[in-house]
Amino acid sequence: RVDCVVVGNVPCFPVTGPTLLTVTTRGCVLTVTAVFDSETGLGDGALPDYVVDLIEKEIGVDLKSLKKVSSLLEKLTAENKLLEEQVLTVSSSVPLRVSAALSAAEESRVSLEGLLQRERVLSNTLIQHLQGAQPWADSLGRTLEQLDNTEKHMKYLQCLSRIEELSFFNLFHSDDLISEKPPSVSRVGLPPTTPLSLPVQIMLLPLSKRFRYHFTGNRQTNSLNKPEWFLTQVLMWMGNSSNFMEEKIQPILDRNGANVNAKVELCRGLLTLAQEKLASDAPRLLYDDALFCHLVDEILQFERELRTTHSYPSSLPGALHVLLEESVLQKWLTVERKMAIEKVDAMLSAEGAWSSQYKDISDMDELKAPDCAETFMTLLLVITDRYRALPCPRAQLRFLALQRELVDDFRIRLTQVMKEESRNPLGARYCAILNAANYISTVLGDWGDNVFFLQLQQSAVALGEEELLGPLGVTESGRLASLEGSLFEGLLGLLERLRGDMLGRLLEAVMRDVQEKARPYCRDRWLSLPSQCDQATMSLSSLACPLMLCLRDNLLQLQQMLCLPLFQMGWQGLAERLDLFLYQNVILYNHFNEGGAAQLQFDMTRNLFPLFGHYCKRPENFFKHVKEGCVILCLNVGSALLLRDLLRQAEEDEEEPGTPEGQQPSPVSALNELGVYRLAPCDVLILLNLRASWPGK
């Protein structure tokens, strides 16, 4: 409720509602509208504080000041007009923006309706397309079903073919068991395997066509003397298709659940082409040794590359099965024997057959093997490398029998040459033959411990190869089966006998020379030589000089011509023979005074033994008869008398068994105290009787 109108702080008149206050001064009207609340003093249109302040400032509360209203009115009118213009401007621009917004909204609505319409059209079109494509989908499903049925039929036919192959294989296998012969290549071509997968068969079709185009018929590429052409082509196809099979075909096989290796499958298919070609060509080359050998070499090389470069599994048959056909295998053995014998003849007749190619290289010439022996063993090693990869142990054993035959033939040839050279056992050729026999024996001994030959040994025992092993008893078969023996035992025994016989002849020749030079020494005046105290210094006996020089020269010659193992056996055998010779022909043959015994001991211990000291640390251990004989001969008189009485008493006690044993030591213990172990008490008594320096004599 409005009570009054107030201008400034002066109430003008009471009002009952909104009142338009009009103040007229000098023709100007000032209109003030205010709505006051009678309770609060403020109305809905209450003037702000700054308006009240303005009226108070410009007009004041005094009615006389209303003259200022005119100027204030003009000022406010101008400002009001300006504000009206601005309001009109704003009010005119706002509808334009609103109109533009409404227009954009309308356009958006129209565009959205167009999109919805097009979507409905597209949906209808898609539904119509799907309805039209349904017959095609049905037709494709029927086609795929037909393909599945065709694949099933194909697998069924493959199973029938497989059954037929197995039937033929069982028939041929039964024939093998009856005839006890190794399978032929045609039968081997039937070691049946699973059929190739369908994608691999499809890939092989063009390759098979190209292979038959180039390597069958009258084509120039189909040449019997060039088997490497088609074998190399097969290997190239394997290598070129490797990545494609692994990246493209293998995933297809994996998705279909085929547990096969695509690369191996392709190799297996291509290998079938090579096997068929080899099986066709091999029988045509049986009458041409050169071409046949070339074919075998190419097959072996092809097999090595197949297994190594292309990682073809060893469990699957390769190209070597073609060589297991009986006529082909027999031809191979015949050619190997023929070529080996020809090479042995050529190497034995060569100018440098009995000289070592490493004679000027001390580190590599320990065995001093002559060229003929080394070449022969290399020949055997090459044969081994050729037949090692054969998948049939029985065929491998046939080659092993050939090698044993060749070794025995070479041993016989060595024996023949040795007999021709036996007149000069110290000659270079005789020693070269001895080195050759030792070298072959050493190599065969190493082969006996080789895993490959040990496996062949077990196969021979399991197969009962009497041709190779000979008639064996239970003990011999057990030794071979337990790998205690060797397939080369017989040959090693023969070679050992040859080596022992030749070394014995060699040492006999040396001993003949030594005995000739030692004859004056054996007849020296041992009984009348001056005593040691009568000589200023001891020196080597003049009669012993030829003996020592002969020994030295022969030892040096043997060391140069014989290999180290043979020389070790040689000088030890020579020392053993020389020990017995000096004991029997110098010590037992003569009587010795004190000077003679001292001279003999000086010659032996200070001259003979050191000659052999170059080859061992204690050479006196190889001259036990001479060493112990010198000990007995050089005993002082008192010790010699006591020893003689002890030995004589022991002899008497032996002759009278009932005689009680005395308190004296036994003869053996007494001799052991003197360092005598080899000579028996009776021998020592003989030596004591050879002493001339006894009391009363």
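The values are calculated or read from the model by the stated rules, or taken from the named source; none is laboratory data. It should be emphasised that the depicted structure is a prediction, and the values quoted were computed from it without experimental measurement. Note: ideal-geometry Cβ built from the backbone for every residue, glycine included; neighbour counts use all protein chains shown. Only protein heavy atoms, including side chains, enter the accessible area calculation; ligands, DNA and RNA are left aside. Shrake-Rupley method; radii C 1.70, N 1.55, O 1.52, S 1.80 Å.
Relative contact order of region 252-401: what whole-number percent is it, with Cα pairs under 8 angstrom and at least 6 residues apart?
With pairs under 8 Å counted, the relative contact order is 19 percent.
So, in Å, what gap is there between the alpha-carbon centers of region 268-317 and region 103-153?
60 Å
Any idea of Arg618's accessible area? Nearest 10 Å², probe 1.4 Å.
Counting only protein heavy atoms, Arg618 exposes about 140 Å² to solvent.
What residues have an amide H closer than 5 Å to that of Ser311, excluding those fewer than 5 places away on the same chain, when H is modeled at 1.01 Å from N in the peptide plane?
The list, which skips near neighbours in sequence, is empty: none.
Find out how many positive minus negative residues lie around Leu444, taking Lys and Arg as positive, Asp and Glu as negative, among other residues whose Cβ is under 10 Å from that of Leu444.
After counting each charged neighbour, the total is -1.
Probe 1.4 Å, all protein chains in place: accessible area of Glu654 in Å², nearest 10?
140 Å²
Per-residue counts of other Cβ atoms within 10 Å, averaged by peptide: what ranking do you get for 404-413, 80-89, highest first?
Ranked from most to least packed, the peptides come out as 404-413, 80-89.
Run the numbers on region 329-501 and let me know its relative contact order in percent, using alpha-carbon pairs under 8 Å that are six or more apart.
That works out to 23 percent.
Can you pull the accessible area of His214 for me, 1.4 Å probe, Å² to the nearest 10?
Accessible surface of His214 is approximately 70 Å².
What number, in percent, do you get for the relative contact order of region 198-312 if the mean sequence gap of Cα pairs under 8 Å and at least 6 apart is divided by its residue count?
The normalised contact order for region 198-312 reaches 32 percent.
With the cut-off at 24 Å, tell me which of the pairs Lys209/Lys248; Lys517/Lys617; Lys152/Lys209; Lys155/Lys263 have Cα atoms farther apart than that.
Lys517/Lys617; Lys152/Lys209
Show me, for region 421-436, the HN-Hα J-couplings you get by feeding each phi into the Karplus relation (A = 6.51, B = -1.76, C = 1.60, θ = phi - 60°), rounded to Hz, glycine and proline as x.
9, 5, 6, 10, x, 8, x, 5, 5, 4, 5, 5, 4, 4, 5, 5
Whole angstrom only: what separates the Cα centroid of region 235-266 from the Cα centroid of region 351-413?
Between the Cα centres of region 235-266 and region 351-413 lies a distance of 44 Å.
With a cap of 10 neighbouring Cβ atoms within 10 Å, and only residues DSSP puts in a loop, list the trypsin sites (Lys or Arg not before Pro) found in region 604-633.
In loop regions of region 604-633 (DSSP not H, G, I, E or B), the sparsely surrounded trypsin sites (Lys or Arg not before Pro) are Lys617.
Arranged from highest to lowest average of other beta-carbon atoms within 10 Å per residue, in what order do the peptides 242-254, 277-289 appear?
277-289, 242-254
With all protein chains present and a 1.4 Å probe, how do Tyr213, Tyr615, Tyr50 order by accessible area, largest first?
Tyr50, Tyr213, Tyr615
Quick one: ranking Lys57, Lys343, Lys226 by accessible area, 1.4 Å probe, largest first, what do you get?
Lys57, Lys343, Lys226
Working with all protein chains in place, sort Cys392, Cys522 by solvent-accessible area computed with a 1.4 Å probe, largest first.
Result of the area sort, largest leading: Cys392, Cys522.
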